[in-house]
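Chemist: Here you go, one structure.
The values are calculated or read from the model by the stated rules, or taken from the named source; none is laboratory data. Source: prediction; values computed, not measured. As a convention, Cβ positions derive from the backbone with ideal geometry for all residues, glycine included, and neighbour counts pool all protein chains shown.
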Amino acid sequence: MAQQKPRSPETEMKILTRRLIFLWAGAAALAAVPAWAQEPPAAEKCPRGAVSEIPESLRAVQDETAGTTFYRHQSSPAAAGGEAFFLYIGKKACDVWLRLRVQFPGPRPAGTGRIRIKADDKSYAFGARRLTQSDEAKALGYWYDELVEPDHLLMLFKVAGATRATVRLEGGSRSNEHIVTDSEKQALTIVLGAYHSLGGKLTQDTSCLTCDPALAELPSDAVEPA
C-alpha cells in the first residue's frame, strides 16, 4: 500500500480553517445576540463583518479615546495574577486584528523572554521581547501581550485542536509552564471564528499587520521550529 504524502502547510491551513469555521458556526448558532451587539448604522457598516455576528460569549470593552473596541471571551481573566493563554480581538472602524496574551503569576523573569509552545507532536518558539509586570500587590504577575503575526495562525489552529498543548515562557535562569485547558482551547476556536466573521483573514499573509497602526513598528517575531 502506497504511503500517503505529507500535506503542505498551505493545505493543512485550509483544512484547519474549514474545521474551525464549522465548529464556530455551531457554537455561534447556540448563542443569542447580546444587547450591545446590534447592527451598526448604515454609514458605519463595513464590507464584511457585522458586529451582530459576534457570539454572546465575547465581551466588548471600549476605548472611547482611541475609538477602539476589544472583544474578549468571557472565560479570559480580566487581570493579572494567574496563568492564562488566550486571544482577543481589536476593532477600529473596519480594521480588525488579533492579539495573543500569555500570563503567569509572580515577578517578571530577567533578561529576554522566549515562548515555547507544544501542541501534540508540533513545537513552536518565538521571542517575547516585551513582558509587562503588574504593580498590584494582590495580583502580582507578568504577561506577554502582542499582535498576532500571520506566521502564528497555524500554531494557534494546532493549539485549539490539540489533545494536549503546553506553553512555556522562559526568561533568565527560570521558566514557567502552563497546560492549555479545554476551556481555553474552546475560547480560541470561538475568538478565531469571530475574528473571521468580522473580516479578519485566517491566512498566512501580511494584510493584518497594519490593522493596528500603534503596533506596526514593533519588530516581527516569526515562528520558528523549537
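Chemist: Looking at ALA110, ALA80, ALA93, ALA66, can you tell me which residue is aliphatic (A, V, I, L, M) and under 18 Å from the mean Cα position of the chain (by Cα)?
Modeler: ALA80
Chemist: Tally the residues that are over 15 Å from GLY200 (Cβ atoms), touching a Gly at 6+ places or on another chain (Cβ under 7 Å) and of a type in the set (A, V, I, L, M, F, W, C), restricting the search to region 54-91.
Modeler: Here the count works out to 1.
Chemist: Looking at region 144-166, which of its residues are assigned to a helix (DSSP H, G or I) and either among the small types (Gly, Ala, Ser) or farther than 14 Å from ALA125 by Cα (or both)?
Modeler: PRO150, PHE157, ALA160, GLY161
Chemist: List the number of the failed condition for GLU184; all other conditions in (1) assigned to a strand (DSSP E or B); (2) at pLDDT 95 or above hold.
Modeler: (1)
Chemist: If a residue has to be of a type in the set (S, T, N, Q) and either under 17 Å from PRO105 (Cβ atoms) or surrounded by fewer than 16 Cβ atoms within 10 Å (Cβ to Cβ) (or both) to count, how many in region 167-199 make the cut?
Modeler: Summing the residues that are of a type in the set (S, T, N, Q) and either under 17 Å from PRO105 (Cβ atoms) or surrounded by fewer than 16 Cβ atoms within 10 Å (Cβ to Cβ) (or both) in region 167-199 gives 5.
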